[in-house]
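Here's the structure, in structure tokens; my notes come after.
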Amino acid sequence: MADISVNELSDSAQKLAVHARNAQRQGNWDYALNVSGELLRIEPGCIAVRKLHREAHLQKQKSGRKSSLWRKVKGGLLQVRPTSGDDDIAKVDSVLQADPDSRSGWRQLAEIARLKNWPETELFAWQELGSLEPKNLASATALTDLYLAKGMQAEAGMLVGRLIKSRPRDPAVIELHRKVTVAQTLKKGNWEGDGTFRDKLRD
């Protein structure tokens, strides 16, 4: 099972997704949020709709129209234990609807996406969490490991590069930097590809 593309949605849902995207581009964020939120209730694994929903939230926040304090408190109370059930993804989306910047909400979404085998959603959730808490070592480590698992060494390098500038003497950060450096060297030298060890040295 993988993330759902817009093309895999029903015809009516695809039309709604297009309307939501147009509304987001025109600055009609409430409409974009309502429609994309409804689409996520129908198909929570649609990564394009989820990204659109997040973009609309961020743009609305930048405009000064943020969520009320009560909605954030309510979102913090809606804690769930990650499983692969549809009820749990709905609860997590309720958390993120109430507080789009909920760290626990994004962390739970990443875990549920992993259980459901939604790799793009899992990566997106960790990326958003990383942007919300850039100095959190646990989040940075999880995102770095995910980048490396996907062969995204450049992205891992940029992430760890920023982290080591802020924490140059932290042993855990140094070790994480070493891991990324080794992975980049392996990719650059194609050490894990076909050919003998002597062939690699000649290259």
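Can you flag which of 62/188; 15/60; 15/188 are past 32 Å Cα-Cα? Show your work: numbers first, answer last.
Details: 62/188 40 Å; 15/60 23 Å; 15/188 44 Å.
Correct reply: 62/188; 15/188.
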To the nearest 0.05, how large is the calculated FRET efficiency for residue 182 and residue 90 if R₀ is 25 Å and r is the Cβ-Cβ distance? 0.05
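In nm, what is the difference between 0.36 nm times the number of residues separating residue 63 and residue 15 and their Cα-Cα distance? Let's see the in-between values first.
Numbers: separation 48, 0.36 × 48 = 17.28 nm, distance 2.68 nm.
This chain segment gains 14.6 nm when fully extended.
Readers should treat all values here as calculations from the given coordinates under stated rules, not as data from a laboratory. Model, not experiment: these values are computed from the prediction. Heads up, the Cβs are rebuilt from the backbone with ideal geometry, glycines too, and the neighbour counts pull from every protein chain shown.
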